[in-house]
Amino acid sequence: MIGPNNIKVAPTNSDWIVSMQDELGQFQRNKVWHLVSRPPNRIVIGTRWVLRNKLDDLGAIVRNKAKLVVHGYNQQEGIDFDETVALVARLEVIRLSIAFASHKGFKLFQMDVKSTFLNGYLKEEVFVE
C-alpha cells in the first residue's frame with residue numbers, strides 16, 4: 001500500500017496497524033516512557049504519526065514505517081529546550097571510511113537500524129500525548 005495521505009486511513013489497513021504497534025513496542029522494550037494520567041497544570045506536548053513506505057532499488061514497497069513524533073513546533077526555545085541535535089553522518093566521513101577500509105582490506109557490512117533512542121536520562125519531566 002502506498003503511504004496514506006491521511007492518518008485516518010492507516011488504522012483501516014492491517015500493514016499500517018502492525019507498523020504502528022511495532023513502533024509503540026519499541027518504546028516499551030527500550031523503556032523510554034511511563035504511562036501516567038494527564039497531570040493538571042502541566043504543559044503536555046502533542047504527537048503525530050509520520051507514515052512512510054520503505055522502497056527497494058526498483059521502487060517496490062518493502063515495508064511500511066510508522067514513527068510517532070512530538071509536535072516540536074509547540075515548544076519555545078529557552079523555555080522548553082536549549083538546543084537541538086540531529087546526529088547524521090556527513091557524506092565526506094562515509095567516503096573517507098570506505099576509502100580507509102578499502103586501503104586496509106577490511107570487509108564492510110551494511111545494516112538497517114530499525115529504531116534509535118537517546119541513551120540518557122532527562123532532568124526535566126516531559127509529558128506527551
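Just so it is clear, none of the values below were taken in a lab; they were calculated from the coordinates. Here the structure is a predicted model, which is why all the values come from computation and not from measurement.
Convert each backbone phi in region 55-68 into a coupling constant with the Karplus relation 6.51 cos²θ - 1.76 cosθ + 1.60 (shift: θ = phi - 60°), then list the ³J(HN,Hα) values in order as whole Hz, x for Gly and Pro.
10, 8, 4, 8, x, 7, 6, 8, 6, 9, 10, 10, 10, 9
I'd like the Karplus ³J(HN,Hα) series for region 98-103: coefficients 6.51, -1.76, 1.60, θ = phi - 60°, whole numbers in Hz, and an x wherever there's a Gly or Pro.
For region 98-103, the Karplus curve yields 5, 5, 5, 5, 5, 4 Hz.
Give 8/54; 31/114; 31/54; 67/123 a once-over and call out the pairs whose C-alpha atoms are over 18 Å from each other.
Values: 8/54 20 Å; 31/114 16 Å; 31/54 26 Å; 67/123 25 Å.
Too far apart for the 18 Å limit: 8/54; 31/54; 67/123.
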